[in-house]
Amino acid sequence: MRLFDIFGKREEKDIKELEIYSGMRVVVEDTEDRMLFIANLKNLYKDTAELYQFSEGDIFQDVDIESYRGSESLYVKLRGFNDCERKAVFMEGIVTPGQRHVWQVRNLTVVRVENERSFTRLNTDIDAVAVSPGDDERVCRLLNISVGGASIGTEYRYHKGDTFLLKVKLSGDKPSVMYCEVLRVIEKETAKFEYGCRFLELTEADQEQITRSMALIAEGQEI
């Protein structure tokens, strides 16, 4: 086999490996792990791609965006979740502002791919309410949360596979409402239970709100 064929096939393999992440939602962070914005990763080719912002309100909340116009050396980290592989994906690259709400990415590399549980999970201790179909609201505590699910603590007994609505004020004045399914049950000595849950039927707007709220909580802002 000729050397050209070897490198040609290797390049084709690298391109295909990146293409599986096309359309993936990502959180874009700076070198200090501060969230810059949320975007869709599109048009991947070799080590280049484009980031299409989801929300203008999320971009550079504490940074003057105009100072980055024309910059070609803004190093960023990307965190996403690949639904097909059920894996958390961590990437790095250099972004340059393009047309409105679109950022060009170069030198894009996959740093690591880990299992679902490795996706960012934020520890919390927040009042919440769980509502089962045809049942009253039951007080609980939100113990941690990620884009994919949450853990709660309560005195009420649930079983694996049970579903309920979780209502909690993550940020702003309006409570967030997530449809949950119990995946894991941990019984505590104090006659209380902890439940590991996954979110069901989340819309893109729901995921964006959770990600934004997690960033606010992590920064120590009031919720």
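General remarks:
- Distance violations [Cα-Cα > 21 Å] among LYS77/LYS174; LYS42/LYS87; LYS87/LYS192: LYS77/LYS174; LYS87/LYS192
- Neighbour cut-off at most 13 other Cβ (10 Å), DSSP loop, GluC sites (Glu not before Pro), region 17-46: GLU32
- Extension gain for LEU122 to GLU137 (0.36 nm times residue separation, less C-alpha to C-alpha distance): 3.0 nm.
- Of the Cα atoms belonging to region 132-175, the radius of gyration and Dmax stand at 11.3, 32 Å.
- The accessible-area ordering, largest first, of the residues ARG138, ARG184, ARG25 stands as ARG184, ARG138, ARG25, per a 1.4 angstrom probe.
The values are calculated or read from the model by the stated rules, or taken from the named source; none is laboratory data. Since this is a predicted model, take the numbers as computed values, not measurements. Every residue, glycine as well, gets a Cβ built from its backbone with ideal geometry; the counts of neighbours run over all protein chains shown. We work out accessible area using only protein heavy atoms, side chains counted, and drop any ligands, DNA or RNA first. Shrake-Rupley method; radii C 1.70, N 1.55, O 1.52, S 1.80 Å.
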